[in-house]
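What follows is calculated from the coordinates using simple rules that are stated; it is not laboratory data. Quantities reported herein were computed from a predicted structural model and do not represent experimental measurements. Don't worry about glycine lacking a Cβ; one is built from the backbone with ideal geometry, like all the others, and counts go over all protein chains shown.
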Amino acid sequence: MIVADSSYIIYGLLCDRSLFNDETIMAPNFALYEVANTIWKNQTLFAKIQDGILFLQTLFELVSARAIQFVILEEKTLSKAYELAVQAKITFYDAVFIALAIELGIELKTLDKEQSRLFTSMRMH
């Protein structure tokens, strides 16, 4: 089991489906909307894909198979994420993924180098 941020999930959907073969992915529930919005952008604004609904259907299949699990976060996790966001001066959204991974004691997968660096340094403390 891993926590994956939206960038990692999007990369898996659009570029490398093998990212979904090994471990269950946990993500906060708002990531579903971030992923869907990025699919929309890739179709409508960037014209990188032709039929975004196919990618959305793949996402729904992964959720149905429980390969990706979107979770509602508890107050404790959200508070920790807020403190981290203020302290590190990062977005609350990025901090939520870090806080969730730390709380669960599992790896965070992201394409965001700063987020990854911060997770690694927080995990060591």
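Suppose every Lys and Arg Cβ carries +1 and every Asp and Glu Cβ carries -1, with no other charges. What dipole size does region 1-101 come out with about its Cα centre, to the nearest 20 debye? Write out the running numbers ahead of the final one.
Working: 7 positive and 11 negative charges, 33 e Å.
The calculation lands at about 160 debye.
So, R0 is 35 Å and r is the distance between the beta-carbons of Ile53 and Asp16; what FRET efficiency does that work out to, to 0.05?
Values: r = 20 Å, r/R0 = 0.58.
Plugging the Cβ-Cβ distance into 1/(1 + (r/R0)^6) gives 0.95.
Only sites in a loop by DSSP and with at most 14 other Cβ atoms within 10 Å count here; which trypsin sites (Lys or Arg not before Pro) in region 1-100 make the cut? Could the numbers behind the result be given before it?
Values: sites: Arg17, Lys41, Lys48, Arg66, Lys76, Lys80, Lys89; in loops: Lys48, Arg66, Lys89.
For trypsin sites (Lys or Arg not before Pro) across region 1-100 that sit outside H, G, I, E and B with at most 14 neighbouring Cβ atoms in 10 Å, the list reads Lys48, Arg66, Lys89.
Would you tally the net charge around Glu23, using a Cβ to Cβ cut-off of less than 13 Å, leaving Glu23 out, and scoring K and R as +1, D and E as -1?
Charge balance in the 13 Å sphere: 0.
Tell me, Ser6, Ser18, Ser116 in order of fewest to most beta-carbon neighbours within 10 Å? Present the calculation step by step, with values, prior to reporting the outcome.
Numbers: Ser6 24, Ser18 8, Ser116 15.
Ascending number of Cβ neighbours within 10 Å: Ser18, Ser116, Ser6.
Around Leu56, what is the net charge, scoring Lys/Arg as +1 and Asp/Glu as -1 over all other residues with Cβ under 14 Å from its Cβ? Working shown, then result.
Numbers: positive: Lys41; negative: Glu34, Asp51, Glu61.
Within the 14 Å Cβ shell, the charges total -2.
Residues with beta-carbon under 14 Å from that of Ser6, excluding Ser6: net charge, scoring Lys, Arg +1 and Asp, Glu -1? Don't skip to the end; give the middle numbers.
Values: positive: Lys41, Lys109; negative: Asp5, Glu34, Asp94, Asp112.
Here the count lands on -2.
Suppose a student asked you for the relative contact order of the chain, using Cα pairs under 8 Å spaced at least 6 residues apart; what percent would you report?
Details: 145 pairs, mean separation 41.4, N = 125.
Over the chain, the number comes to 33 percent.
Based on other C-beta atoms within 10 Å, arrange Leu108, Leu19 from fewest to most. Don't skip to the answer; put the middle values down first.
Values: Leu108 25, Leu19 17.
In increasing order of surrounding Cβ atoms, one gets Leu19, Leu108.
Arrange the following residues from fewest to most other Cβ atoms within 10 Å of their Cβ: Phe70, Phe92, Phe119, Phe55. Intermediate results must be reported in sequence, preceding the final value.
Values: Phe70 17, Phe92 13, Phe119 24, Phe55 20.
With the fewest neighbours first, Phe70, Phe92, Phe119, Phe55 line up as Phe92, Phe70, Phe55, Phe119.
Can you give the Rg and Dmax of the chain based on its C-alpha atoms, in angstrom?
14.5, 45
Among Ala81, Leu111, Leu32, flag the residue with its Cα farthest along the positive direction of the charge dipole of the chain, charges on Cβ as +1 for Lys/Arg and -1 for Asp/Glu.
Leu111
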